[in-house]
Every structure is written in C-alpha cells, then in structure tokens.
1. How many nm separate the modelled label positions at Thr2 and Ile54, each set 7 Å beyond the Cα in the direction of the Cβ?
2. Between Gln22 and Ile39, 0.36 nm times their residue separation minus their Cα-Cα distance comes to what?
3. Could you please report the charge total around Trp14, scoring K, R as +1 and D, E as -1 over all other residues with beta-carbon less than 13 angstrom from its beta-carbon?
4. So which GluC sites (Glu not before Pro) in the range 1-81 are both in a DSSP loop and have at most 14 other Cβ atoms within 10 Å of their Cβ?
Amino acid sequence: MTYKELEDQMNKWWVELEGQEQAFLEQATKVNAWDKVLIENGQKVTRYKTLIKILSSLVFMNFLYITVKHFFMSEGNANISVAIESGSTKSSRSKNDSDLTIAI
C-alpha cells in the first residue's frame, strides 16, 4: 500500500466517521427530546396521583357524612312512626336528650 492509497483510505474513513457522528448527534437530540417528554409526563402522573388521593379522601368523607345523615334521618323517621302508631299527640324527649320525638 502506498502512502497515497493510505491517505485516500484515511480520508474515506474520516468522511464515514463524520457521517456517523452526524447521525449519532441527530439520534441523541431525538433521545433528549423524548427524555424531556417522559420526565414531564412522569411529573404529571405524580401530580395526578396526589390529586386523586386527595379527591378520593374527600369523596369518602362525603360518603361518611351522607351515611351518618341517612342513619339519623332513618332514626328520626322511626321515632315519628312509633309516635304515630301509638296515637300520641304531644312531643316527648327520649332518654337521650338529643333525640326529639314529635308525635302527630
């Protein structure tokens, strides 16, 4: 191999290397863009997960509130029904002062 052939071969490799470098930089740019998108989406998922936990706690608290209200309303209706069936026409207090029975 002559010096000229060696130089030509090195120039050919150099051009190929520059092409590969350019392809690598383009691919690295795309990977960096996707990496940024994935990080942002991961942060959104974390925020949504926190929000869902908060909202589910609020829904559960509202459910408990409604359940308690329903229970007390049912108890009140039961007391009214008993008073109506007994034929009483005056209001009375039960043993627990918080329960007021109104007879009709």
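Since every read-out is calculated from the coordinates, none of them should be taken as a lab result. These numbers come from a predicted model, not from an experiment. Here Cβ is always computed from backbone atoms with ideal geometry, including for glycine, and neighbour counts include all displayed protein chains.
1. 7.9
2. So the chain would gain 3.5 nm between Gln22 and Ile39.
3. Around Trp14, the surrounding residues sum to -4.
4. none
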